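Take a look at the structure below.
Bear in mind that the values in this text are calculations on the coordinates, not laboratory data. All figures in this text were calculated on a predicted structure; none of them were measured in a lab. Heads up, the Cβs are rebuilt from the backbone with ideal geometry, glycines too, and the neighbour counts pull from every protein chain shown.
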Amino acid sequence: MAARGKEGIKVIATNRKARFEYHLLQVVEAGLVLTGTEVKSLRNGKANLEDAYAKINRDEEIYVHNLNIPEYTHGNRQNHDPKRKRKLLLHASEIRKIINKAREKGVSLIPTKLYFKGGWAKIEIALAIGKKQYDKRQDMKSKDAKRDIDRAYSKNYKD
């Protein structure tokens, strides 16, 4: 599952539903506060972003909730809780910008990607607005039309 791309980035998990369910307005890279067994579990390529969301608390800190990092298989009794909330590491100016934009009606903080970059665990969160049902249908129609065009194009030039 884990794939290496450019610049030593090893992708652990992506939230593929996020682009279907939301209009992504802005994407921000943040660090994560993790325990040792969580890092070991992530290095094994195990994590799930499906139900994860980010939330701003009263102290103006951002936490990720429902990020599922399974327990480390060789861990002992001090293993971590798989769905605990995890603090995001951002500069104060970035947090202020995110808070100002998140105060708008309908804007959510959605994790889109979890990866290692230069040995550090990073998470990509997006400021997003939920799509309406007709937006989702329109996206599916355009995707199907593009697929049909690509098929026809490759069929004509294959022979």
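Taking P(r) over Cα pairs in 10 Å bins from 0, in percent straight from the coordinates, which label in [x] 9, 27, 21, 12, 8, 6, 6, 5, 3, 2, 0, 0; [y] 8, 26, 24, 25, 12, 3, 1, 0; [z] 10, 33, 30, 18, 7, 2, 0 is the correct one?
Looking at P(r) over Cα pairs in 10 Å bins from 0, in percent for this model, the match is [z].
Would you mind calculating the gained length between H74 and K10 on full extension (0.36 nm times residue separation, minus the Cα-Cα distance), in nm to one decimal?
Computed gain between H74 and K10 is 20.8 nm.
Extending each Cα 7 Å along its Cβ direction at N156 and L25, get the distance between those two points in nm, one decimal.
Placing both labels 7 Å beyond Cα along the Cβ direction yields 4.2 nm.
Show the residues, 5+ positions off or on another chain, whose built amide H is closer than 5 Å to the amide H of L89.
Close amide H contacts, sequence-distant or interchain: G31, L32, V33.
Using a cut-off of 20 Å between alpha-carbon atoms, which aspartates and glutamates can reach K143, once sequence neighbours fewer than 8 places away in the same chain are excluded?
E21, D135
Pop a pseudo-label 7 angstrom from the Cα along the beta-carbon direction at both K131 and E60 and give the gap in nm to one decimal.
Distance between label points: 3.5 nm.
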